[in-house]
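Data block below; observations after.
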Amino acid sequence: MFKKIKAGMVALLLSVGVCSSVAQAEDVIRLGINLELTGDYSEQGYSAYEGVRLAVDEVNRQGGVSGKKVILITGSNRSNATEAGRVTDKMINEGVVAVIGPIKYSNIAIASKMLEGKQIPLISPAGKDPRSTVDRQGNGKPYVFKLTSPELMQAQIMAKFARKQIPAKTAAIYVDSSDSDMIDLAETFQKEFIAQGGQVSMIKTYEPQNMAYPVTLQNLRFSKPDVIFIAGRAQEAAKAIRHLREQGIKTSIVGLSNWESNDFQVAAGAESLNQVYFCNVFSPSGKDPQVSQFVDAYKKRYGGESPSSYAALGYDSAKIVLDQLAKGGEISSEGLQMSLHTLRDYKGVTGEITMSKTHEALRSMVIVEYQDGEPIIRDKVAP
């Protein structure tokens, strides 16, 4: 749930469409923000936006980039592709050096096509669809980058973790059959778990509007798996976990990065989350000094609220862009594109990041375990 102040900020941004109080100033760097501040991706988009703002303010307090102040040209695409195109057009006209966002694939697709024609880099903090950065021939799109790894990697990581560290000999899979991405994740988990020497004893599908818990529970009791992998959207996964626990099934459960939100924790219930694990790019419980400094600054800026992974990815997106601009001498979109293309071993609050040939981040990840309802880092996985 957004705070009232967030709602007010969104209303202000929407009222002006794209805003820049000093758009005509000469000695500034204009950075575009094209994010989902409202609509069905607003939780992710607004969190990323907060991370970007924090990073830019820090850089400006330290003197900007090569002495130039960074200003944000901010627009909400309203989680809508048409709006994403409109916002992108205005940003091009404002002369931005790069654009951070969007997150939703259809929004990235239209924005990146427009920006590529102007040779302006787009950096998506949390885009998940591999088509975002790869063309139909399998080549990386030259001006599109994203800070997330291929999503199927999450399923591979969790299969290895389940087999080796729980350790589980048998697994059951519970998958949303209405979502092709979730089916792909389930199949990837199955293949990797078997490759690691495990057995998949049961695969059950569900549709969010028709989750047949009694039948599923009966089958689970019969198969007695050591671990359950749930491939589905966070809210449905949370409901399934709560129902499993209410029926006395205490089996370890593993899943995806979309299990880190406050809404997920509330829907599942703290008492249901013991022995629940997921992988993510970030956890505010990390002990790294850089992470701790970011978490403290975020809490101070935003009323004590802990940053989500989307906020951390937004922060790293802005820091990477501005750090690469500072290294390049002449500040230009072309120079930034080359720097992003060759990015290696960048240490951000979300871990070490190297850009792949297809412009997806090859990065470290963390495995998070819920303990007494709180997410705690259990392990770190190298890129």
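Readers should treat all values here as calculations from the given coordinates under stated rules, not as data from a laboratory. Because the structure is a prediction, the values reported are computed rather than measured. Cβ atoms come from the backbone with ideal geometry, glycine included; neighbour counts cover every protein chain shown.
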What's the longest bit of the chain with no exposed GluC sites (Glu not before Pro), using DSSP loop states and at most 12 other Cβ atoms within 10 Å as the test? 27-329
When the charge dipole of the stretch 152-280 is computed with +1 at the Cβ of Lys and Arg and -1 at the Cβ of Asp and Glu, the Cα pointing farthest to the positive end, of 205, 219, 167, is that of 167
Tell me, how many Å apart are the Cα centres for the stretch 254-326 and for the stretch 131-188? 20 Å
Among beta bridges that DSSP assigns inside the chain, antiparallel share in %, nearest 5: 40 percent
Please compute the modelled spin-label separation between residue 119 and residue 203, points set 7 Å along Cα→Cβ, answer in nm with one decimal. 4.8 nm
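Give a quick list of trypsin sites (Lys or Arg not before Pro) in the stretch 117-219 that DSSP marks as loop, anything other than H, G, I, E or B, with at most 16 other Cβ atoms within 10 Å. Don't skip to the answer; put the middle values down first.
On the way: sites: 118, 128, 131, 136, 146, 160, 163, 164, 169, 191, 204; in loops: 118, 128, 136, 169.
Hits after loop and neighbour filter: 118, 136, 169.
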What is the Cα coordinate range of the stretch 152-280 on the first, second and third principal axes, sorted by size from largest, in whole angstrom? 33, 31, 27
Note down the nm distance, to one decimal, between modelled labels 7 Å out along Cα→Cβ at residue 338 and at residue 356. 2.6 nm
Mind checking which lysines have their C-alpha under 19 Å from residue 380, skipping anything on the same chain fewer than 8 residues away? 160, 164, 287, 347
Using 0.36 nm times the number of residues separating residue 290 and residue 196, minus their current alpha carbon distance, what extension gain do you get? 30.4 nm
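Kirkwood Rh, the stretch 221-305, all Cα pairs: how many Å? Could you put the intermediate results ahead of the total?
On the way: mean 1/r = 0.0697 Å⁻¹.
Evaluated on the stretch 221-305, it is 14.3 Å.
For the stretch 100-210, what is the percent of antiparallel DSSP beta bridges, rounded to the nearest 5?
The answer is about 15 percent antiparallel.
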Please list the equivalent ellipsoid semi-axes of the chain, computed as the square roots of five times the alpha-carbon gyration tensor eigenvalues, in descending order and whole angstrom. 38, 21, 20
Semi-axes of the stretch 22-86 from the Cα gyration tensor (sqrt of 5 times each eigenvalue, largest first, whole Å) come to 25, 14, 6
Counting sequence-distant residues (5 or more places) and residues on other chains, those with an amide H built under 5 Å from that of residue 169 are 226
Using alpha-carbon pairs under 8 Å, 6+ residues apart, how would you state the relative contact order of the chain in percent? 17 percent
If you average 1/r across every pair of different Cα atoms in the stretch 63-135 and take the reciprocal, what Kirkwood value do you get, in Å? 12.7 Å
Taking just the alpha-carbon atoms of the stretch 209-361, what radius of gyration and Dmax come out, in angstrom? 20.2, 66
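Placing +1 at every Lys and Arg Cβ and -1 at every Asp and Glu Cβ, with all other atoms neutral, what dipole size does the stretch 152-280 have around its Cα centre, in debye to the nearest 20? Walk me through the intermediate numbers first.
Working: 13 positive and 13 negative charges, 127 e Å.
Using Cβ point charges on Lys, Arg, Asp and Glu, the stretch 152-280 gives about 600 debye.
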Those trypsin sites (Lys or Arg not before Pro) from the stretch 295-383 that are DSSP loop and have at most 15 other Cβ neighbours within 10 Å turn out to be 344, 357
Plugging the Cβ-Cβ distance of residue 250 and residue 177 into 1/(1 + (r/R0)^6) at R0 = 25 Å yields, to the nearest 0.05, a FRET efficiency of 0.45
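Out of the stretch 220-261, which trypsin sites (Lys or Arg not before Pro) are coil in DSSP terms and have no more than 11 other C-beta atoms within 10 Å? Intermediate results must be reported in sequence, preceding the final value.
Numbers: sites: 221, 233, 239, 242, 245, 250; in loops: 233, 250.
Listed in order of number, the matching sites are 250.
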For the pairs 104/128; 169/224; 68/300, note any where the Cα-Cα span goes beyond 20 Å. 68/300
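Quick one: compute the contact order of the stretch 152-280, relative version, from alpha carbon pairs under 8 angstrom and 6+ residues apart, as a percent. Numbers along the way, then the final one.
Working: 213 pairs, mean separation 35.1, N = 129.
Contact order relative to length: 27 percent.
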